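Data first, discussion second: the structure below is written as structure tokens.
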Amino acid sequence: MTSHVPLSEIPPEDRPRERLLALGAHRLRNEELLAIVIGSGTRNASSLELAQRLLKKTAGPAGLDAASLPALLDIGGVGPAAAMRIVAGCELHRRAARRRTVQPGVPVSQVPTT
């Protein structure tokens, strides 16, 4: 078992939020982006460690996108608030992806949600 390293013990320039500010979202690794969505960790795992665990258990971003709320809640350390933020973020991504396939000028209210 690996030891837990709180984000407060990681140099500021290596922390996900600080890296996002300095470099932009496009330069962050998947686990760093997910750690920002998760927000905070637990007593036993930082948000970055939880993000790594989630991506491993769901086989990466595509699996995470397909994961249900109950499936996320079954992963140790993931509580309801974090699971709901992840599900909501994935849903926003799906809606944006659908919107890109619609012709310009079509109101978002007319874009199918299913």
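The values are calculated or read from the model by the stated rules, or taken from the named source; none is laboratory data. Every value quoted in this text rests on a predicted model; they were computed, and no experiment measured them. So basically every Cβ, Gly included, is an ideal-geometry build from the backbone, and we count neighbours across all protein chains shown.
Values as computed for the structure displayed
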| read-out | value |
| --- | --- |
| Given (1) closer than 19 Å to Gly79 by Cβ; (2) of a type outside the set (Gly, Ala, Ser); (3) modelled with pLDDT under 95, index of the condition Ile10 fails | (1) |
| Sole exception among (1) over 18 Å from Leu28 (Cα atoms); (2) modelled with pLDDT under 95; (3) within 14 Å of the chain's Cα centre (by Cα); (4) not β-branched (Val, Ile, Thr) for Gln110, by number | (3) |
| Residues satisfying the stated conditions in the range 1-13, i.e. touching a helix residue (DSSP H, G or I) at 6+ places or on another chain (Cβ under 9 Å), in a helix (DSSP H, G or I) and within 23 Å of Asn44 (Cβ to Cβ) | Leu7, Pro12 |
| Of residues in the range 32-57 being in contact (Cβ under 8 Å) with a residue 12 or more places away in the chain and assigned to a loop (DSSP other than H, G, I, E, B), the one nearest to Ile10 (Cα to Cα) | Ser46 |
| Complete set of residues in the range 3-38 that are on the phi < 0 side of the Ramachandran plot, small (Gly, Ala, Ser) and surrounded by fewer than 17 Cβ atoms within 10 Å (Cβ to Cβ) | Ser3, Ser8, Ala22, Ala25 |
| Residues satisfying the stated conditions in the range 39-56, i.e. surrounded by fewer than 23 Cβ atoms within 10 Å (Cβ to Cβ) and closer than 21 Å to Ser68 by Cβ | Gly39, Gln52, Arg53, Leu55, Lys56 |
